[in-house]
Amino acid sequence: MLMVAMIVLTGVAGFSQVFEKGSQVINLGIGFGNTGYWGSYYSGFLPSASASYEYGIVEIPMGSDLTGVISAGGYMGWSMAKYGYDTWGSDDYYLTTDFILAVRGNYHFIFHDKLDPYAGIMGSTF
C-alpha cells in the first residue's frame with residue numbers, strides 16, 4: 001500500500017504549480033494510527049479524516065525575486081477511538097469522538113516552482 005501511495009504521489013508531483021494570488025487548494029486526508037488517545041485501555045479506533053480549503057488572497061514581496069502569498073481558508077477534521085476494559089466478562093467501553101472546525105491562514109514561501117513550503121496558523125472555538 002505504501003508503494004502505491006509513493007507511485008501516485010510521484011506522478012502527481014509532476015503536475016504541481018506555483019501557489020499564487022487566486023490559487024485554490026482542496027485537501028482530503030485520511031490518517032491511520034494517528035489518534036490523540038493511547039494507553040492500555042484504548043483498544044481500537046477508526047481512521048481519522050480531514051478536509052481543508054485555502055485561497056490565495058494577497059501576494060507579498062520578500063525582496064529581490066522572491067515572493068510569498070498569504071492564503072485563508074478552513075479546516076474540518078474527525079477522529080474516533082474506543083476506550084474500554086474487560087472486567088469479569090463485562091465488555092464496558094466508551095467511544096470518544098473528536099471533531100474540529102477551524103479557520104486557518106498560511107504564508108507560502110515562493111522560491112521554486114516545484115516546492116511549496118508554508119507556515120500557518122489555525123484557530124478554533126471548540
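Just so you know, all these numbers are worked out from the coordinates, no wet-lab data involved. Only a predicted model underlies this, so the values are computations on that prediction, with no experimental measurement involved. Heads up, the Cβs are rebuilt from the backbone with ideal geometry, glycines too, and the neighbour counts pull from every protein chain shown.
The simple spin-label model puts a point 7 Å past each Cα toward its Cβ; for L95 and W78 those points are separated by 1.1 nm. Between I121 and D65, full extension at 0.36 nm per residue minus the direct alpha carbon distance yields a gain of 17.6 nm. With 0.36 nm allotted per residue and the present C-alpha distance subtracted, the K114-Y53 stretch has 19.9 nm of extension available.
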